Amino acid sequence: MLRIDIQSSPPVVTLLCSGRIVLGVEAETLRCMAEGRPERRVVLDLHQVHALDAAGLGLLVDLHCRAQQGDRSVRVANPSPRVRRLLSLTNLNSLLQFSDLDALELALAGERAMSA
């Protein structure tokens, strides 16, 4: 099961995910939450995600690509060791923007970069 807590501080929203991001309801729930937000910057905090399958990885890539097309950004924050390993093994750490910063620091860094 996936649980998503929302911390909104426009123009940034942080989706604090816990549980698993896998094929089915979990992946679609995250997709709907991330794409349905009005904020332009979406931070996915994956610190408490303990399972991620191919559908979950594909979802992260899809959210990243759609965000770029729509003048938005999606960042991955605080990936758990298991998620970090999967991102590294699949070389997605070179595509996705991710960091170990806390959500507030990440949001501020993103805003500074966008205004520069």
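Nothing in this text is a laboratory measurement; each read-out follows from the coordinates by a stated rule. A quick note: this is a predicted structure, and the numbers were derived from the prediction, not measured. All Cβ positions, glycine included, derive from the backbone under ideal geometry; neighbour counts span all protein chains shown.
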- Förster radius 25 Å - calculated FRET efficiency between Asn91 and Glu35, Cβ distance, rounded to 0.05: 0.50
- Short version: ³J(HN,Hα) in whole Hz for each residue of region 52-60, in order, from phi by Karplus 6.51 cos²θ - 1.76 cosθ + 1.60 (θ = phi - 60°), x for Gly and Pro, what are they? 8, 9, 4, 5, x, 5, x, 5, 4
- Note on the structure: Residues meeting the amide H criterion for Leu2 (H placed from the backbone, H to H distance under 5 Å, 5 or more places apart or on another chain) are Arg20
- Message: What do you get for the angle between helix 103-115 and the principal long axis of the chain? Use alpha-carbon atoms, 0 to 90 degrees, nearest ten.
- Response: 50 degrees
- Query: Once amide H atoms are built 1.01 Å from N in the peptide plane, which residues 5 or more positions from Val49, or in another chain, come under 5 Å H to H?
  - Reply: Gly19, Ser80
- Item | Projected label distance in nm at Ala51 and Met1, using a 7 Å step from Cα toward the beta-carbon | 1.3 nm
- Can you bin region 2-103 into rounded, prolate or oblate? Criterion: square roots of the alpha carbon gyration tensor eigenvalues sorted a ≥ b ≥ c, rounded for a/c under 1.5, prolate for a/b above b/c, oblate for the rest. rounded
- Query: In whole Hz, what ³J(HN,Hα) sequence does region 14-25 give by Karplus (6.51, -1.76, 1.60; θ = phi - 60°), x for Gly and Pro?
  - Reply: 10, 9, 8, 9, 9, x, 9, 10, 9, 3, x, 4
- Which percent, nearest 5, of DSSP beta bridges in the chain are antiparallel? 30 percent
- At 222 nm, what helix-only mean residue ellipticity would the chain give, in deg cm²/dmol to the nearest 500, using -39500 (n - 2.57) for each DSSP H run of four or more? -13500 deg cm²/dmol
